[in-house]
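Let me begin by presenting the structure, written as structure tokens, before commenting on it.
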Amino acid sequence: MHKYLFSHNVIIGFTMFIIFSTSSIAKELLLLTADAPPHMIAATNNGIDVDIAREVLQELGYSVKVEFAPLKRSMRQVTNKKADLFLPAFYQEDTSELFFSTPIITYRPTAFSLKSKNFLFKTIPDLTRKNLVTFQGATGYFGEEFVKVSKFNGYRELHDMSKFPELLIKGRCDVVVLDYYIFYYFLNEYLKQNPTGKFTLDKIEEFPVFTEVNAHVAFHDKNLRNAFNKNLLKYITQRKEQTVIDKYIGTVQIPL
């Protein structure tokens, strides 16, 4: 009798081990994204958007593996169920193959200048004829008014956004147009590498003349998306996303 109970218990224990081991493996999700600091940072396998999505999913009991690839390829991989989710996604609605979360963060395209310039920009056309630096492809994002701005001398689109704060500080441009988080991330990086003490953040003027853009996460599983949305609401209510943002842009104060 005791021998039977021992064998029975061993079998049950082994079965439960297999079940929990299998469950653990099944809970790993593959998240695909592009490399665009500080939202997504391939060098350190993290970033604002990545951390927010990963933390929300971890609270649901999942482990998350992150891989970096162009966004179009990431979308195809998730659509074909070769990955579980990708980010960021913009201006998209649910299809039969992809399901989009509520916004995890809002991108904030902003015009930056030095306060000493005494500029006042209330609309996009106010940027006309300024020595302006922005990212490559910017004319495809901000509408016809910005396309008109780009036609004048002094307008430049550059690939290396990490140099933008330095260009502004050293007077090599009048205005930088860039996402709020990207600008301050690279500004803080520049100040860390050049700690002269002569330049402080309060010398920067911000002009929010552009429309903000919500960033979403895309899933191939509707139920997973729904669970993510539910926990994301709680996560944001607790302002955990602000802790993530502060980690990447340091001392900059984000207005509520």
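Each reported figure results from applying straightforward, stated rules to the coordinates on display, with no laboratory input. Only a predicted model underlies this, so the values are computations on that prediction, with no experimental measurement involved. Neighbour counts are summed over all protein chains in view; Cβ atoms, including those assigned to glycine, are modelled from backbone coordinates with ideal geometry.
With a 10 Å radius around each residue's Cβ, average the other Cβ atoms per peptide and rank 96-105, 116-125, 142-151, 32-41, highest first.
Working: 96-105: 17.9, 116-125: 12.3, 142-151: 15.3, 32-41: 21.1.
So the order, starting with the most tightly packed, is 32-41, 96-105, 142-151, 116-125.
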First measure r as the distance between the Cβ atoms of K81 and L60, then evaluate 1/(1 + (r/R0)^6) with R0 = 25 Å and state the FRET efficiency to the nearest 0.05.
0.85
Given just the C-alpha atoms of the stretch 159-238, how large is their convex hull per residue in cubic angstrom?
169
Sorted by average packing, counted as other Cβ atoms within 10 angstrom per residue and highest first, what order do 164-174, 230-240 take?
164-174, 230-240
What fraction of the DSSP beta bridges in the chain is antiparallel, stated in percent and rounded to the nearest 5?
55
I'm spelling it out carefully: the read-out is Kirkwood radius over Cα pairs in Å, the candidates are [x] 20.7; [y] 19.0; [z] 20.2, and one was derived from this structure. Which label?
[x]
Of the DSSP H helices in the chain, those whose Cα atoms cover at least 30 Å axially and whose Kyte score averages 0.5 or more:
2-26
If you bin every alpha carbon distance in the stretch 109-207 into 5 Å steps from zero, what whole percent lands in each bin?
2, 13, 26, 27, 18, 9, 4, 1, 0
